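The values are calculated or read from the model by the stated rules, or taken from the named source; none is laboratory data. Computed from a predicted model, the values in this text were never measured in an experiment. Reconstructed Cβ throughout: ideal geometry from the backbone, glycine too, with neighbour counts over all protein chains shown.
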Amino acid sequence: MVPSKEGVMKNPYEGKPTHQFWRRSVSGRGPEQVDPVVHVPFGISPTDQVATAGSCFAQHIARYLRDTGFRYFVPEDRPALPCSEDENYGTFSARYGNIYTVRQLLQLFQRAYGLFAPEDMAWRRADGRFIDPFRPRIQAGGFATVDDLLAERASHLDAVRRVFEECDVFIFTLGLTEGWVARGDGAVFPLAPGTVASEGDADAYAFHNFTVAEMETDLGRFLDAFRSVNPGCRVLLTVSPVALVATYEDAHVLAATVYSKSALRVVAEMATRTFPTVGYFPSYEMITGPQARSVFFQDDLREVRPEGVAYVMSVFARHYLGETAPATIKAMPPPRLLRDQAEVIREVQGVICDEEEIDSCT
């Protein structure tokens, strides 16, 4: 307790703002009426080039920025020749697919700048086509030859360097702590080789569940490296509210999900306290918090409903887009407007999630 001038003990919480009290800012409010954003380290203007990367949920932010007229930065865009498939162009700023773990993000930077050359160059599928181990689902038809894959990868990494060097804002959604690692050189992949490849030595790969300490170190190394090529870039971290499809740990998938998200949330918090140009946006808390009463989840209790995405993006727009935000989303939407807004972004249901491949065997 804090002593007053008269020597009488005073309640230190007296006079604190409303948002610091559960009863005043959470209890009795509807799921879409809680705004947990307190500190906004920077704003985003229509002239800022905004890049995104991360897990499946990051795709919602990417599509929202694109559809509301902001400069969503996509240097690796669809080629002039028509594609038979969507092929992941524009899903993220570059065609790197889902980046689930912090180690993946760090290694993407290292690979793009020639600081890490993994031993695994290509994996062969059951149909004989080749896939990129680091983005196994970016091209539905795969590649006819390893040379074709390597040529396309070189072009891709050129675009990745542009993402890191030219973006003004980089939004990264942390998704998982679980990953698969090559025993030989430590390369990390978004999927276990056996879920997408038909050939290879299974003993050459090992499961790894990253600790908070490991992820803090990896994220710090990435941010330092990123700052070396783009000193002025602002970074916004989020944690995906989407649960694990499956866990490789000998644990219930619910418990594994809670560990994973809790650890990622700690890592994000530590980064914001260490790096002044790094912020955190609480999309995870808005979707999964008790005030939401699970109404923002689909029936599978994993995927987020369009109404949930609309709610998250309305709060994001109000705080980070400011006066430049579309008029319909400047204020916290009432339930009816929330449904109307969800219709506008209904397409966000079609996110691409590499993790789904894990459960294809059942």
Taking region 6-28 on its own, how many of its residues are exposed (fewer than 15 other Cβ atoms within 10 Å of the Cβ) and in contact with a helix residue (DSSP H, G or I) (Cβ under 6 Å, 6 or more places away or on another chain)?
3
Any residue that is within 15 Å of the chain's Cα centre (by Cα), closer than 18 Å to Cys56 by Cβ and of a type in the set (S, T, N, Q) - is there at least one of those in region 287-294?
no
Would it be correct to say that Glu119 is more than 18 Å from the chain's Cα centre (by Cα) and within 30 Å of Ala263 (Cα to Cα)?
yes
Would it be correct to say that Thr47 is of a type in the set (S, T, N, Q), within 23 Å of Ala159 (Cβ to Cβ), surrounded by 13 or more Cβ atoms within 10 Å (Cβ to Cβ) and at pLDDT 85 or above?
no
Which ones in region 162-178 are aliphatic (A, V, I, L, M) and part of a helix (DSSP H, G or I)?
Val163
Quick check on region 39-67: of everything there that is aliphatic (A, V, I, L, M) and assigned to a loop (DSSP other than H, G, I, E, B), which residue is nearest to Asn88 (Cα to Cα)?
Ile44
Name every residue in region 11-38 that is in a loop (DSSP other than H, G, I, E, B), of a type outside the set (S, T, N, Q) and free of Cβ contacts under 8 Å to residues at least 24 places away in the same chain, in order of residue number.
Pro12, Tyr13, Glu14, Gly15, Lys16, Pro17, Phe21, Gly28, Val38
What's the number of the only condition in (1) under 27 Å from Ala206 (Cβ atoms); (2) without any contact (Cβ under 8 Å) to a residue 12 or more places away in the chain that Glu269 fails to meet?
(1)
Verdict on Val229 being of a type in the set (A, V, I, L, M, F, W, C) and under 25 Å from Glu303 (Cα atoms)
no
If I ask for residues that are part of a loop (DSSP other than H, G, I, E, B) and either touching a Leu at 6+ places or on another chain (Cβ under 9 Å) or not basic (Lys, Arg) (or both), which ones from region 297-323 would you list?
Gln298, Asp299, Asp300, Leu301, Arg302, Glu303
Among the residues of region 207-215, are any of a type in the set (Asp, Glu), over 20 Å from Ser55 (Cα atoms) and in contact (Cβ under 8 Å) with a residue 60 or more places away in the chain?
no
Looking only at region 109-120, decide whether some residue is among the charged types (D, E, K, R), closer than 27 Å to Phe207 by Cα and outside any loop (DSSP other than H, G, I, E, B).
yes
When you check Arg137 against the structure, is it part of a loop (DSSP other than H, G, I, E, B) and of a type in the set (Lys, Arg), yes or no?
yes
Test of understanding: among Phe73, Phe130, Phe143, Phe116, which residue is under 30 Å from Ile287 (Cβ atoms), surrounded by 13 or more Cβ atoms within 10 Å (Cβ to Cβ) and either at pLDDT 95 or above or touching a helix residue (DSSP H, G or I) at 6+ places or on another chain (Cβ under 8 Å) (or both)?
Phe73
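Per-residue answers, yes or no, for (1) over 24 Å from Ala117 (Cβ atoms); (2) out of contact with any helix residue (DSSP H, G or I) (no Cβ under 9 Å at 6 or more places or on another chain); (3) in contact (Cβ under 8 Å) with a residue 40 or more places away in the chain:
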{"site": "Cys167", "(1), (2), (3)": "yes, yes, yes"}
{"site": "Leu176", "(1), (2), (3)": "yes, no, yes"}
{"site": "Arg183", "(1), (2), (3)": "no, no, no"}
{"site": "Val196", "(1), (2), (3)": "no, no, yes"}
{"site": "Ala202", "(1), (2), (3)": "no, no, no"}
For residues that are among the charged types (D, E, K, R) and within 17 Å of Gln107 (Cβ to Cβ), scanning just region 159-178, find the one that is surrounded by the fewest Cβ atoms within 10 Å (Cβ to Cβ).
Arg161
